[in-house]
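All remarks here apply to the structure that follows.
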Amino acid sequence: MSTERIPLDLPAVAKLADLADYVTPLALRAVAELGVADLLADGPLPVDTLADRLGVHAPTLLRTLRALAARGVFTEVEPGTFGLTPLARPLRAAHPLSLRDAYPLLPADLQAWAYFAETLRTGEPGFPLAHGVDYWTYLAAEPEQSARTDRWMQSVNRLHLRTVLPAYAFARFGTVVDVGGGTGAFLAGLLARNPRMRGVLVDLPHVVDAAPDVLAAAGVADRCQVVPGSFFEALPGGADGYLLKTVLPGFDDDAAGSILSRVREAMRDDSLLVLIEAVLPPGDAFDVAKLFDVHTLVLTGGCHRTSEHMERLLTDAGLRLVRVIPTATVSVLEVSPAGPAVRRS
Ligand SMILES: C[S@@+](CC[C@H](N)C(=O)[O-])C[C@H]1O[C@@H](n2cnc3c(N)ncnc32)[C@H](O)[C@@H]1O
């Protein structure tokens, strides 16, 4: 059949090609990790100089930076010479809200995406298909990848501290347990801004190994206990506040329900739980959490949730969603006990 009479929607063709682009996310991540932006802090440099200092192949760096400049990340000020743009500036390590570590290029994650057709068919994450073990077991055995993931979370936490702390009255808590708190970046920032608050950080042993340095750098090590352990086991009891920050999206409903039950069992009847994570908006509204939702599925089998979904999960664990406070990044969900703790596996 001739296609001559079919209208050619060129904007749609261009938009689809743009959306299907493989290059931008991977090139951006590689160049961010390489530290190109740091070398351009004092002004534009020829690509040969950049390549020389970074120990990379100059013609390839040229083609990569040219592709990113076409996206507004870096600018080619004269042929073969590149400078920073507003999008490239936060990629510097020295930027106060540096995003240099926020976009790691993690081969293990890419390998999981290679199984996406299978994930679509079955709903199962690709990560175990690619690596033979689940995401968390893999990270525990791969210190280098685990450290890059932790630096990514530390970087994201600089943004979250700026946007989340002003949105909620954390100062009401004398003691806070950060459950799955990573290396302590968020808790350290919270304690530093609340000099009378005490903290307890719970995460897996290989993750909290790095916490003493993070807490010491914030000057709060003497007010924070570090507890290596799993949030599927009993948690430190009786604190005023419990935090679960960007933890539940990493788990399916059964596992997330178990974590919430462990938190409920540790809470006093007047304790509060504060969930800090993205809440999915309804309908077609764009929210980056809708993209993370699929990425999370590929990696861990977890999901991001709407507030209704979250309410059901909380109710099943003997908890009650009190209110949702949106911020410029993630939302803050205040949660109280709803009744006696419900024991789940
Ligand atoms: C997405 S990160 C969030 C870290 C931190 N709350 C933040 O926002 O920076 C999820 C965290 O859950 C931790 N985690 C995964 N499985 C765990 C388990 N069984 N027990 C305790 N922590 C666990 C990971 O080590 C990781 O630090």
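The values are calculated or read from the model by the stated rules, or taken from the named source; none is laboratory data. Quick caveat, the model's predicted, so the values are computed rather than measured. Every residue, glycine as well, gets a Cβ built from its backbone with ideal geometry; the counts of neighbours run over all protein chains shown. With ligands, DNA and RNA removed, areas are computed over all heavy atoms of the protein, side chains included. Shrake-Rupley method; radii C 1.70, N 1.55, O 1.52, S 1.80 Å.
Whether any residue in segment 86-106 is of a type outside the set (S, T, Y) and more than 28 Å from S146 (Cα to Cα) is what I want to check. Walk me through it before giving the result.
So the first thing to find is which residues in segment 86-106 are of a type outside the set (S, T, Y), and the list is 86-97, 99-102, 104-106.
Subsequent filtering for residues that are more than 28 Å from S146 (Cα to Cα) retains 86.
The answer is yes; a qualifying residue exists.
Can you name every residue in segment 157-176 that is part of a loop (DSSP other than H, G, I, E, B) and either touching an Asp or Glu at 6+ places or on another chain (Cβ under 6 Å) or within 12 Å of the ligand (Cβ to nearest atom) (or both)?
F173, G174
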Checklist outcome for this item: Per the list (1) of a type in the set (G, A, S); (2) open to solvent by 30 Å² or more (accessible area, probe 1.4 Å); (3) touching a helix residue (DSSP H, G or I) at 6+ places or on another chain (Cβ under 8 Å), residue check on A108 breaks on (2)
Checklist outcome for this item: By residue number, the members of segment 163-176 that are open to solvent by 10 Å² or more (accessible area, probe 1.4 Å) and under 23 Å from G250 (Cα atoms) are T163, L165
Item to check | Yes/no for G83 being small (G, A, S), at pLDDT 95 or above and closer than 28 Å to D150 by Cα | outcome: no
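Right, L235: in the same structural domain as F186 (by TED's automatic domain parsing), open to solvent by 10 Å² or more (accessible area, probe 1.4 Å) and within 10 Å of the ligand (Cβ to nearest atom) or not?
Answer is yes for this residue.
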Item to check | Residues satisfying the stated conditions in segment 147-160, i.e. surrounded by 19 or more Cβ atoms within 10 Å (Cβ to Cβ) and among the aliphatic types (A, V, I, L, M) | outcome: M153, V156
Checklist outcome for this item: Exception for V179 within (1) within 9 Å of the ligand (Cβ to nearest atom); (2) open to solvent by 40 Å² or more (accessible area, probe 1.4 Å); (3) farther than 20 Å from P143 by Cβ; (4) in contact with a helix residue (DSSP H, G or I) (Cβ under 7 Å, 6 or more places away or on another chain) falls at (2)
Checklist entry - Which one of these does A216 not meet: (1) more than 9 Å from the ligand (Cβ to nearest atom); (2) in contact (Cβ under 8 Å) with a residue 24 or more places away in the chain? => result (2)
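Conditions (1) part of a helix (DSSP H, G or I); (2) more than 13 Å from the ligand (Cβ to nearest atom), marked per residue:
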position	(1), (2)
A112	yes, yes
P125	no, yes
A140	yes, no
D150	yes, no
V207	yes, no
Next on the checklist: Based on this model, can you work out whether R264 counts as open to solvent by less than 30 Å² (accessible area, probe 1.4 Å), over 17 Å from F186 (Cβ atoms) and more than 11 Å from the ligand (Cβ to nearest atom)?
Outcome noted: yes
